[in-house]
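First the structure, in the form of structure tokens, and then the observations on it.
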Amino acid sequence: MMKRDFDPQVKQLLDGELTLADLPAELRQEGEEALRLLAAVDREPVSLPAVTWRVMAALERRRQRRLAWLLAPALAAAAALVLWLGRPASPAAPASSAMVTVRFVLVAPGAHQVSVAGTFNRWDPSATPLVRSGSADMWVATLSLPPGQHQYAFVVDGVRWVPDPTAPAIDDGFGRRNSVLTL
Amino acid sequence: MKRAGRLVLGFVAVAATALDAQQSIAARLSGRASAEIVALVQELGRSAASQGLPVDPLIQKAIEGNAKGVPAERVASAVRLVFAQLDTAAAALRSATHNSPADTVEIAAGGFAITAGLRGRDIAELARTGRPAADVTVGLRVAGTLAALGVPPAETVALVSASLRAGQAPGDLLALPGSVQSEMARGATPAQAAAGLARAAAAQARHGPPADHGLPPHPPAPPHP
Amino acid sequence: MHAETGGPRGSTDGEVVRAVLAGDRERYAVLVERYRDRYARYAARMLGSTDAAEDAVQDAFVRAYDQLAQCQDPNKFVGWFFLILRNRCFAEQRKSRSHLSLEAATSVPTADRSDVATETGEKRRALQEALLGLTAEQREVFVLKHVEGLSYMEIAERLNTSVPSLKMRMHRAYDRLREQLREHA
């Protein structure tokens, strides 16, 4: 097919510098063809609502990979949290090769004694006591745990089993909830 | 004669292993469960061992019930439920891998995912991603964790299977629940958060990992017009 | 869920950029929310699909975050962000020209995913495919003028180039589009 360029005046028409009426009669048809081209331009707006949290999630994922010890602001206000420390820097490293240091924190106003019990210590409420830290209401304990899945709960004053309010939780089969830690 | 000898030795070895397993269950539950619970776990443990199911989750549930002061009959129900969940997970994994038996670690991960609210077909779907068993195991744990965060099964499976198919490393899979929690903290529902991450993982599978972030801040010079 | 203080959604771009640089990472979401759609259509027309645009806009925001300290005038964040997104779109074009046109056939136009394959829908589809046959530079000037509705002067300012140079680029684009649409017809 022979290549045919638009006449320079038709290009001015497309640029909005001339109108169809300004074109000489012999260029009208070409001008109409050109305007049909512009009429096919899709100016429908495009909205990308998912981008906001996709961006923030991408930044968050990188932050989690890069930082060894960080209290996420969103979690700081929560009652309890678990910090993951010492995950192998390279995600390709064999998962079983490194213990993961986990810090358990519970804010328990009025408690006299707090411990954490779970699959990692045979659910023994006396095995892993938390100690007061900073504020009188904050209790902490740091453990090294193997990669894998762990279930746990806090035990307040030796009798009250409390799931971690910031962690995922499942039914324990006894009418309560167990918190879940996946390392 | 030699063959018969080997058979006898084999039988003795199996019997000794079974006996060891029973003694091991009794030892682990010693002082941590009533006699009837010990007997129940031994009985279920025998079935579990013969079917290739893990025994540890049964022992853990019995110990947990005792530690929480739960009545024995309720502990027995909970232990039986764990057995049923492991059995469901194992069947799902077998169905997805043309009857090749799964290892006990993978089954335990599947059992947990069932406890967290996934179904057998969800487990099978994740196993059908064609990834190595070790990756599927991590995927199942992460899927269970997402379900425990309130992500519905369909979105959980979509996200984890997309991530597995994208070839994400275990470390990246393990970061998914944290990412979902971040989005929830910003007001997304668990389903919305998971669906968006799934789209990102699917895009990664389509286009490969995101390009290097080291490009110059200005576009390439256009060719001379 | 945490309470926002000081009405960040009403803050200027400069205030938000400075807050993010000072460590308030979460505030970056304000900028993303504010500008994610402004150039979404530009990216979609440049890349040929909404999916590709979403990836590009996301990536550009992550890049902008990484380079935020280099944003010399925080009050002009959006112009600076546009250049990063533009760079991303050009890079994508270099990377996968064939892939783009393939995807264009199935998922480009937003309006014509609908039920009826109307004549308008067909024409839009044909034009979008023809646009993907232009060079990225030609396509960009066409998109900015005829999709985004900017004048040559505004485009020249934004891309730091001259009006005559843009016109030459555009006029080549017109000829190329005419040629391609005739082949298509």
Residue C:53 passes all but one of the listed conditions (1) part of a helix (DSSP H, G or I); (2) modelled with pLDDT of 85 or more; (3) more than 19 Å from residue A:43 (Cα to Cα); the exception is number (3)
Those residues of the range A:126-183 which are in a loop (DSSP other than H, G, I, E, B), away from chain B (no Cβ under 11 Å) and at negative phi amount to A:128, A:130, A:146, A:164, A:165
Of the residues in the range A:1-35 that are in contact with a Lys or Arg (Cβ under 8 Å, 6 or more places away or on another chain) and among the charged types (D, E, K, R), the one that is surrounded by the most Cβ atoms within 10 Å (Cβ to Cβ) is A:15
Within the range B:96-107, restricting to residues that are closer than 21 Å to residue B:142 by Cβ and polar (S, T, N, Q), the one that is farthest from the chain's Cα centre (by Cα) is B:97
Only one of B:133, B:84 is more than 25 Å from residue A:173 (Cβ to Cβ) and surrounded by fewer than 24 Cβ atoms within 10 Å (Cβ to Cβ), namely B:133
Going through the range C:166-185 in order, the residues found to be at the interface with chain B (Cβ under 9 Å from one of its Cβ atoms) and surrounded by fewer than 17 Cβ atoms within 10 Å (Cβ to Cβ) are C:168
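Take the range B:147-188 and flag every residue that is in a loop (DSSP other than H, G, I, E, B) and among the small types (Gly, Ala, Ser).
First, the residues of the range B:147-188 that are in a loop (DSSP other than H, G, I, E, B): B:149-152, B:166-169, B:175, B:186-188.
Correct list: B:150, B:166, B:167, B:169, B:175, B:187, B:188.
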Within the range C:69-93, residues within 11 Å of chain B (Cβ to nearest Cβ), in contact (Cβ under 8 Å) with a residue 40 or more places away in the chain and farther than 22 Å from residue C:154 by Cβ come out as C:92, C:93
Within the range A:41-57, residues assigned to a loop (DSSP other than H, G, I, E, B) and within 12 Å of residue B:199 (Cα to Cα) come out as A:50
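Could you tell me whether the range A:130-144 includes any residue that is free of Cβ contacts under 8 Å to residues at least 40 places away in the same chain, in contact with a Pro (Cβ under 6 Å, 6 or more places away or on another chain) and among the acidic types (Asp, Glu)?
Checked the range A:130-144: at least one residue is free of Cβ contacts under 8 Å to residues at least 40 places away in the same chain, in contact with a Pro (Cβ under 6 Å, 6 or more places away or on another chain) and among the acidic types (Asp, Glu).
Find the residue count for the range A:162-180, including only residues that are under 20 Å from residue B:57 (Cα atoms) and either touching a Phe, Trp or Tyr at 6+ places or on another chain (Cβ under 8 Å) or among the hydrophobic types (A, V, I, L, M, F, W, C) (or both).
So in the range A:162-180, the residues under 20 Å from residue B:57 (Cα atoms) come out as A:163, A:168-180.
Checking the rest, the ones that are also either touching a Phe, Trp or Tyr at 6+ places or on another chain (Cβ under 8 Å) or among the hydrophobic types (A, V, I, L, M, F, W, C) (or both) come to A:163, A:169-170, A:174, A:176, A:178-180.
Qualifying residue count for the region: 8.
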Within the range C:51-66, the residues that are surrounded by 23 or more Cβ atoms within 10 Å (Cβ to Cβ) and at the interface with chain A (Cβ under 7 Å from one of its Cβ atoms) are C:53, C:54, C:57, C:58, C:61
Check on residue C:69, over 13 Å from the mean Cα position of the chain (by Cα) and either at pLDDT 85 or above or surrounded by 18 or more Cβ atoms within 10 Å (Cβ to Cβ) (or both):
yes
By residue number, the members of the range B:120-137 that are part of a helix (DSSP H, G or I) and either out of contact with any Pro (no Cβ under 7 Å at 6 or more places or on another chain) or among the hydroxyl-bearing types (Ser, Thr, Tyr) (or both) are B:120, B:121, B:123, B:124, B:125, B:126, B:127, B:133, B:134, B:136, B:137
Residues in the range B:114-155 that are at pLDDT 95 or above, more than 10 Å from the chain's Cα centre (by Cα) and of a type in the set (Lys, Arg) total 0
Filter the range A:107-125 for residues that are at pLDDT 85 or above and not in a loop (DSSP other than H, G, I, E, B); the one that is farthest from the other protein chains (Cβ to nearest Cβ) is A:114
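Please determine whether any residue of the range B:152-166 is within 11 Å of chain A (Cβ to nearest Cβ) and crowded, with 24+ Cβ neighbours inside 10 Å. Spell out how you get there, then give the answer.
Going residue by residue through the range B:152-166, those that are within 11 Å of chain A (Cβ to nearest Cβ) are none.
Checked the range B:152-166: no residue is within 11 Å of chain A (Cβ to nearest Cβ) and crowded, with 24+ Cβ neighbours inside 10 Å.
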Over the range A:17-58, the set of residues within 30 Å of residue C:51 (Cβ to Cβ) and more than 7 Å from every other protein chain (Cβ to nearest Cβ) is A:36, A:39, A:49
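If you scan the range C:29-44, which residues turn out to be assigned to a helix (DSSP H, G or I) and within 7 Å of chain A (Cβ to nearest Cβ)?
C:29, C:32, C:33, C:40, C:41, C:44
Could you check the range C:132-142 and list, in sequence order, the residues that are of a type outside the set (Lys, Arg), more than 9 Å from chain A (Cβ to nearest Cβ) and touching a residue at least 24 places away in the same chain (Cβ under 8 Å)? Write out each step before concluding.
So in the range C:132-142, the residues of a type outside the set (Lys, Arg) come out as C:132-138, C:140-142.
Right, trim to more than 9 Å from chain A (Cβ to nearest Cβ) and you get C:132-138, C:140-141.
Once the filter is applied, which keeps residues that are of a type outside the set (Lys, Arg), more than 9 Å from chain A (Cβ to nearest Cβ) and touching a residue at least 24 places away in the same chain (Cβ under 8 Å), the range C:132-142 yields C:132, C:133, C:134, C:136, C:137, C:138, C:140, C:141.
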For the range B:40-94, the count of residues that are of a type in the set (D, E, K, R) and either on the phi > 0 side of the Ramachandran plot or in contact with a helix residue (DSSP H, G or I) (Cβ under 6 Å, 6 or more places away or on another chain) (or both) equals 1
Per the filter on the range B:95-110, residues touching a helix residue (DSSP H, G or I) at 6+ places or on another chain (Cβ under 9 Å), more than 10 Å from every other protein chain (Cβ to nearest Cβ) and either crowded, with 24+ Cβ neighbours inside 10 Å or not polar (S, T, N, Q) (or both) are B:96, B:101, B:102, B:103, B:106, B:107, B:110
The correct count of residues that are free of Cβ contacts under 8 Å to residues at least 24 places away in the same chain and under 19 Å from residue B:23 (Cα atoms) in the range B:40-90 is 5
(1) crowded, with 19+ Cβ neighbours inside 10 Å; (2) modelled with pLDDT under 85 all hold for residue C:48 apart from (2)
Expected output for the range A:1-16 (first residue within 7 Å of chain C (Cβ to nearest Cβ), partner exposed (fewer than 14 other Cβ atoms within 10 Å of the Cβ) and modelled with pLDDT under 90, Cβ below 8 Å, 6+ apart or cross-chain) is A:1/C:183
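The values are calculated or read from the model by the stated rules, or taken from the named source; none is laboratory data. Bear in mind the structure is a predicted one, so any value in this text is a computation, not a measurement. Glycine gets a Cβ as well: all are built from the backbone with ideal geometry, and neighbour counts include every protein chain shown.
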